[in-house]
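The values are calculated or read from the model by the stated rules, or taken from the named source; none is laboratory data. Given the structure is predicted, the values throughout are model-derived calculations rather than measurements. All Cβ positions, glycine included, derive from the backbone under ideal geometry; neighbour counts span all protein chains shown.
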Amino acid sequence: MKEKEIRKFRLPRVGQRIIRSVTAVAFCFVVYYIRNKKGIPFYSALAVLQCIQPYQDSMAEVARKRVTGTLVGAFWGLVVILIQLYMFQGALLDHFMGYMLISLFTGVVIYSTVVVNCKNTAYFSCVVFLSITVMHMTDASPFLFVFNRVLDTLIGVGIALAVNSVHLPREKKTDILFVSGIDETILNLDDRMSDYSRVELNRLIETGAKFTVSSNRTPATIRESLPGIHLELPVIAMDGAVLYDLNENSYLMKYQMSGAQAQTISDFLDSRGIHYFTNCVVDDLLVIYYDPLLSEIHRKVYDRRRKSPYRNYVQKTQPVYENVVYLYLIDEKEKTEKLYRELMKQPWNSEFRVALHDSVKHKGYANIKIYQKDATRENMLQNLQALLNAEKVVTFGSVEGKYDVYVKDADKDVMVKMLKKIYEPLRILKNAE
């Protein structure tokens, strides 16, 4: 318990975004001095802080919004200046009607962003417009301020793009397929992923790393457990029973029981009055057939999982023997272990792979999953390697001796750090070797 409490209070590491933001802001002031202190570096620094993003795509999008918003706001700010100074000869400056005019043009600014199909820049446009018309209308040279306001923003955006694009020289190992477990490998003991791992993993995938995951979870729970991770390659799910494309919502490969095998195992469980969930893949849909929910534990499992749009629960009205990927059953640990021992004594058990695990969600309970014998992560990984024509595979996991890279402590971002080290080693270090 104490170790868990200490882990919760561990300070997060300083990420690249912080370092790059500090560097970029410093450059804004350097440019300010190079320009002989012309302009207002405050606006350059604001643009920098808005544009520095974890990913190149998001940074480019924010930069585009910032520039567009600045131009729209500056244009209408200039129009209001002309109206105030030349149409009304400055009579409305710091006057109630002058502020009403500014209020009216705030709507014009917002409407303009809609007309030019960039309404997501409305906020930036209004900030620029109001900074010109409210804060600097009475300046000695408001026209010069408009010019400097635009220039300062462009300087900040340019610095942000430059700083965020600078990287140490690294070699990309795009010929390696990287496959990681999820539990206690990417996710820590609290079933969470650090912000560092999320940002860095997405960056590596974005730059070409062939990365995916292998888990005993269903595709639905893989989605739920890795929110915000942009997995582009198919994932190995259901403990190797299926290969699933998260982007196309499609099962690319699957190890299913034959009708005879499904009947054999179902008849065995039915004869003993055991209730279970039958997981089937039908036309790219996961359909889970269930017996009447007589026990509290089965109802809890059903209530927790049925809300997912990627699971389709159907109560059984007759035996199900077609398209069966695996059977899932859960009960008190002692009963489940007894059933497991009985299963392993059956003459037909060599046709199946039976996995027994303690329940993570339900203390004191254990579950059994029954697959077709060839449904293993190792077999599905070979299929994936052949599908992608990958020359080499590197695996990450929390079981020592079973994987290429052993992840002892997921709280220390070991998986992502090792992935980065293998995928993009520094060219300087390689040349030194």
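Residue-by-condition table, conditions (1) at pLDDT below 80; (2) assigned to a loop (DSSP other than H, G, I, E, B):
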position: 31; (1), (2): no, no
position: 54; (1), (2): yes, yes
position: 60; (1), (2): yes, no
position: 76; (1), (2): no, no
position: 83; (1), (2): no, no
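Residue under question is residue 362, and the condition is that it be at pLDDT below 95 and in a strand (DSSP E or B); does it hold?
Criteria not met by residue 362.
Of the numbered conditions (1) modelled with pLDDT of 80 or more; (2) within 25 Å of residue 162 (Cα to Cα); (3) surrounded by 14 or more Cβ atoms within 10 Å (Cβ to Cβ), residue 50 satisfies every one except a single condition; which is it?
(1)
Does residue 254 satisfy the criteria of being among the basic types (Lys, Arg) and within 30 Å of residue 174 (Cβ to Cβ)?
Considered against the rule, which asks whether it is among the basic types (Lys, Arg) and within 30 Å of residue 174 (Cβ to Cβ), residue 254 comes out as yes.
Given the options 416, 399, name the one that is outside the structural domain of residue 277 (by TED's automatic domain parsing) and assigned to a loop (DSSP other than H, G, I, E, B).
Selected residue: 399, the only one of 416, 399 that is outside the structural domain of residue 277 (by TED's automatic domain parsing) and assigned to a loop (DSSP other than H, G, I, E, B).
If you scan the range 76-97, which residues turn out to be buried (at least 17 other Cβ atoms within 10 Å of the Cβ) and without any contact (Cβ under 8 Å) to a residue 24 or more places away in the chain?
92
I'd like to check something: does the range 98-112 contain any residue that is at pLDDT below 85 and of a type outside the set (Phe, Trp, Tyr)?
Within the range 98-112 (the criterion being at pLDDT below 85 and of a type outside the set (Phe, Trp, Tyr)), the answer is yes, since at least one residue qualifies.
Of the conditions (1) more than 13 Å from the chain's Cα centre (by Cα); (2) closer than 18 Å to residue 413 by Cβ; (3) not in a loop (DSSP other than H, G, I, E, B), residue 163 satisfies every one except a single condition; which number is it?
(2)
Could you list, ordered by first residue, the pairs with Cβ atoms under 7 Å in which the first is in the range 302-318 and free of Cβ contacts under 8 Å to residues at least 12 places away in the same chain and the second is assigned to a strand (DSSP E or B), at least 6 apart or interchain?
Close Cβ pairs (under 7 Å, with a partner that is assigned to a strand (DSSP E or B)) amount to 306/313.
Assuming residue 261 fulfils every condition listed in (1) in a strand (DSSP E or B); (2) surrounded by fewer than 21 Cβ atoms within 10 Å (Cβ to Cβ) apart from one, which condition is it?
(1)
Going through the range 271-280 one residue at a time, which ones are touching a residue at least 12 places away in the same chain (Cβ under 8 Å) and more than 40 Å from the chain's Cα centre (by Cα)?
Of everything in the range 271-280, just one residue is touching a residue at least 12 places away in the same chain (Cβ under 8 Å) and more than 40 Å from the chain's Cα centre (by Cα), namely 272.
Quick one: count up the residues across the range 281-307 that are assigned to a strand (DSSP E or B) and touching a Leu at 6+ places or on another chain (Cβ under 7 Å).
So the answer is 0.
Tell me which residues, restricted to the range 180-208, are of a type in the set (Val, Ile, Thr) and surrounded by fewer than 19 Cβ atoms within 10 Å (Cβ to Cβ).
199, 207
Would you call residue 40 within 21 Å of residue 147 (Cα to Cα), surrounded by 15 or more Cβ atoms within 10 Å (Cβ to Cβ), at pLDDT below 85 and of a type in the set (A, V, I, L, M)?
So residue 40 fits the description; yes.
Please state which of the following conditions residue 250 fails to meet, knowing it meets all the rest: (1) out of contact with any Lys or Arg (no Cβ under 7 Å at 6 or more places or on another chain); (2) hydroxyl-bearing (Ser, Thr, Tyr); (3) assigned by TED's automatic domain parsing to the domain that holds residue 362.
Residue 250 satisfies all of (1) out of contact with any Lys or Arg (no Cβ under 7 Å at 6 or more places or on another chain); (2) hydroxyl-bearing (Ser, Thr, Tyr); (3) assigned by TED's automatic domain parsing to the domain that holds residue 362 except (3).
Given the options 315, 382, 346, name the one that is among the polar types (S, T, N, Q), modelled with pLDDT of 90 or more and either under 24 Å from residue 190 (Cα atoms) or under 28 Å from the mean Cα position of the chain (by Cα) (or both).
Unique residue meeting the criteria: 382.
Within the range 177-212, how many residues turn out to be outside any loop (DSSP other than H, G, I, E, B) and without any contact (Cβ under 8 Å) to a residue 40 or more places away in the chain?
Going through the range 177-212 one residue at a time, the tally reaches 2.
Give me the residue from the range 321-359 that is assigned to a loop (DSSP other than H, G, I, E, B) and without any contact (Cβ under 8 Å) to a residue 12 or more places away in the chain and, out of that set, nearest to residue 297 (Cα to Cα).
The qualifying residue nearest to residue 297 (Cα to Cα) is 345.
In the range 264-313, how many residues are surrounded by fewer than 13 Cβ atoms within 10 Å (Cβ to Cβ), of a type outside the set (Asp, Glu) and either under 23 Å from residue 251 (Cα atoms) or assigned by TED's automatic domain parsing to the domain that holds residue 249 (or both)?
4
Considering 339, 343, 419, 381, which residue is under 17 Å from residue 268 (Cα atoms) and surrounded by 19 or more Cβ atoms within 10 Å (Cβ to Cβ)?
339
I'm checking my understanding of the structure. Among residues of the range 346-365 that are among the small types (Gly, Ala, Ser) and loosely packed, with under 13 Cβ neighbours inside 10 Å, which one is farthest from residue 241 (Cα to Cα)?
Residue satisfying both the conditions and the ranking: 364.
For residue 215, are the conditions met, namely being within 23 Å of residue 313 (Cα to Cα), free of Cβ contacts under 8 Å to residues at least 40 places away in the same chain and surrounded by fewer than 21 Cβ atoms within 10 Å (Cβ to Cβ)?
Judged against the criteria, residue 215 is not a match.
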